[in-house]
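Novice: What follows is a structure written as structure tokens; I'll ask about it next.
The values are calculated or read from the model by the stated rules, or taken from the named source; none is laboratory data. Computed from a predicted model, the values in this text were never measured in an experiment. Cβ sites come from the backbone with ideal geometry, for glycine too, and all protein chains shown count toward neighbours. Note: accessible area is taken over every heavy atom of the protein model, side chains too, but ligands, DNA and RNA are not part of it. Shrake-Rupley method; radii C 1.70, N 1.55, O 1.52, S 1.80 Å.
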Amino acid sequence: MKQVTIYTDGACSGNPGPGGWAAILIYQDREKVLSGGEKQTTNNRMEMMAVIAALEALKEPCEVELWSDSRYVVDALEKGWAESWQKKGWKRSNKEPGACG
């Protein structure tokens, strides 16, 4: 199985405010850089969008080593929050769309 290293980051000016995200995917000697942004967003949403975009860019199942400076992202993955969000259709408990929905 291919091994891919992914570095992600996201931020915004004000919270909410204008923000952006970036991800770097590394496989062997190749790099792919992804980025995007929103006019009105939150820091957590940009952090998470970097991860989502990076994983969506993979063309086949891979072993992934993910690096993030976001406690929100790390906890979402390590504590199983993301799996729970997915099971709930990416909706909050009040049935409103979640930050990334």
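Novice: Have a look at Lys91, Lys79, Lys59, Lys39 and point out the one that is of a type in the set (D, E, K, R), open to solvent by 40 Å² or more (accessible area, probe 1.4 Å) and touching a Gly at 6+ places or on another chain (Cβ under 7 Å). First the steps, then the outcome.
Specialist: Numbers: Lys79 fails: touching a Gly at 6+ places or on another chain (Cβ under 7 Å); Lys59 fails: touching a Gly at 6+ places or on another chain (Cβ under 7 Å); Lys39 fails: touching a Gly at 6+ places or on another chain (Cβ under 7 Å).
One residue alone meets the criteria, Lys91.
Novice: Here's a follow-up. Taking Thr41, is it in contact with a Cys (Cβ under 6 Å, 6 or more places away or on another chain), polar (S, T, N, Q) and in contact (Cβ under 8 Å) with a residue 24 or more places away in the chain?
Specialist: Values: in contact with a Cys (Cβ under 6 Å, 6 or more places away or on another chain): yes; polar (S, T, N, Q): yes; in contact (Cβ under 8 Å) with a residue 24 or more places away in the chain: yes.
For Thr41, the condition - in contact with a Cys (Cβ under 6 Å, 6 or more places away or on another chain), polar (S, T, N, Q) and in contact (Cβ under 8 Å) with a residue 24 or more places away in the chain - is met.
Novice: Moving to a separate point now. Look through Val33, Val4, Val64 and report the one residue that is among the aliphatic types (A, V, I, L, M), loosely packed, with under 11 Cβ neighbours inside 10 Å and part of a strand (DSSP E or B).
Specialist: Values: Val4 fails: loosely packed, with under 11 Cβ neighbours inside 10 Å; Val64 fails: loosely packed, with under 11 Cβ neighbours inside 10 Å.
Val33 is the lone residue from the list that is among the aliphatic types (A, V, I, L, M), loosely packed, with under 11 Cβ neighbours inside 10 Å and part of a strand (DSSP E or B).
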